[in-house]
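Every read-out reported here was derived from the displayed coordinates using simple, explicitly stated rules and does not represent laboratory data. Remember, predicted model here, so these are calculated numbers, not experimental data. Positions of Cβ are backbone-derived with ideal geometry, glycine not excepted, and every protein chain shown enters the neighbour counts.
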Amino acid sequence: MALSGDLATMGLEDIFQWLAVGKKTGVLELRGALHTKRVAFHEGRITSIWSSDPREYLGQYLLAFNRITEDQLLEALATQEDEQQLLGRILVNRQLVTEAEIRRIVQLKVEESIYDTFLWNVGSFDFHDGAASHQKSMLLSLDVTGIVLEGARRLDDWKRIRKVIKGGDAVLAPISEAIAERLPLASEDADILSRLDGLKRVDQLVLDMRMPEYKINKLLFDLHEKGLVRIVSPGGSLGAHPSLQLQRARALVEKQKLQEAQEELRRVLQDQPRHQDANRMMAVVQGLLEEKALDQELIPELAVSLDDLMTTNLGPNEAFLATRVNGLWTIKDIISIAPFEPGESLAIFSKLIKRGILKASKPAQGGDQPGAPR
């Protein structure tokens, strides 16, 4: 039995409950404006999830919890590519993390990925009855009821949050006097407050802390409710609702009709030039179109001084990539640890090189650069 439709007409809560009550086994494919996710079920319980969103890769969660470094992740990814092992197994074998830690973080990753879909404005779904996930991953057995309740609670929270923090371009600042009266603070509160300077945008915090978008916004919202931060700018100028044109553009990308997708996105950006999702997808498309032109084995280096870099007007993703340039890692290395689309990363590297912010050269002859992770 197959089930398909639009999330606007049949919500995730109803879909998940139908699968749980019917003790279904198969794969639920969820397609949003930017990403696809596949949730595997066995007899009505969730066993694993695959996501096209790089922010939801296991490596990003391990970095967020400070369980590994970016160098260690690069080395493990190189081994994974060569030996086709699970990333978690490689890290356990190297005694960087324990089996128990991997299982805990994998479960958290699965849950957070599912919760994120409850916040989608648009999307469609297909349930493939009896299908296998064909995914090499640690299998879980999660009850649907608790996930549905938490997903619904987060959706209610998200609506309240967005009345105060209206987009990723929002800016908040700490209130020193109020903070001093509340000491000591919870570690998460202290961490995020230490990063607020009245200039940094929320989407930059998401990248810096490698936390899910919901969690960062919820922490900031709660701090605002406690009177510990003030709103410098509420944001929301980037556009809140992906359009049907974005869905069409995404479908064209999946079919590798990149020129047509580019035209579709240009029409969206003509009306809303600062539409966040449209700009992100356009960067992905441009990166795919330019992929052959940019050799990922090149080693990028700064073509400007660090002082000049700090005063250069860079977007959050541009700043993330530029600050990972160390003269040792290749473009491919840096892309592998970035929490966003490879195509977007390629487009950003091309743009930074064209702007003269970066330069790129081939590795030294006779092997890897000294100290390179591979």
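Each residue of the range 8-20 is assigned a 3J(HN,Hα), and the resulting list reads 6, 9, 9, x, 4, 4, 5, 5, 5, 5, 4, 5, 6 Hz, derived from the Karplus form 6.51 cos²θ - 1.76 cosθ + 1.60 (θ = phi - 60°), x at Gly and Pro.
Report the full-extension gain for the segment ASN326 to LYS226: residue separation times 0.36 nm, less the Cα-Cα distance, to one decimal in nm. Could the numbers behind the result be given before it?
Working: separation 100, 0.36 × 100 = 36.00 nm, distance 4.03 nm.
Full extension of this stretch gives 32.0 nm more.
Applying 1/(1 + (r/R0)^6) with R0 = 25 Å to the Cβ-Cβ distance of GLU150 and LYS23, what FRET efficiency is obtained, to the nearest 0.05? Kindly include the intermediate steps, with their values, before the conclusion.
Numbers: r = 21 Å, r/R0 = 0.85.
Efficiency, rounded to the nearest 0.05: 0.75.
With helices as the sole contributors, the chain gives -15000 deg cm²/dmol at 222 nm; each DSSP H run of n ≥ 4 counts as -39500 (n - 2.57), and the sum is divided by every residue. Taking the chain as a Gaussian network of alpha-carbon nodes connected by springs under 10 Å, the highest mean-square fluctuation of the residues PRO184, PRO363, PRO273 belongs to PRO184. Within the set of other residues whose C-beta is less than 10 Å from the C-beta of PRO316, count the net charge using Lys and Arg as +1 and Asp and Glu as -1. Neighbourhood net charge equals -2. Between VAL171 and VAL232, SER233, GLY235, the built amide H atoms are under 5 Å apart, and every one of these is 5 or more places off in sequence or on another chain. The modelled label-to-label distance between GLN135 and GLU213, using points 7 Å beyond Cα along the C-beta direction, is 1.9 nm. Taken as Cα centroids, the range 92-126 and the range 23-75 sit 5 Å apart, rounded to the nearest whole angstrom.
Grab the beta carbon distance between ASN313 and MET10, set R0 = 41 Å, and tell me the FRET efficiency rounded to 0.05. Write out the running numbers ahead of the final one.
Values: r = 44 Å, r/R0 = 1.06.
Between ASN313 and MET10 the formula returns 0.40.
Available extension along the chain between SER52 and ARG274 is 77.5 nm, counting 0.36 nm per residue and deducting the alpha carbon span. Once R0 is set to 51 Å, what does the formula 1/(1 + (r/R0)^6) return for the Cβ-Cβ distance between ALA178 and SER305, expressed as a FRET efficiency to the nearest 0.05? With a Förster radius of 51 Å, E is 0.85. Rounded to the nearest 20, the Cβ-based charge dipole of the chain about its Cα centre (Lys and Arg +1, Asp and Glu -1) stands at 480 debye.
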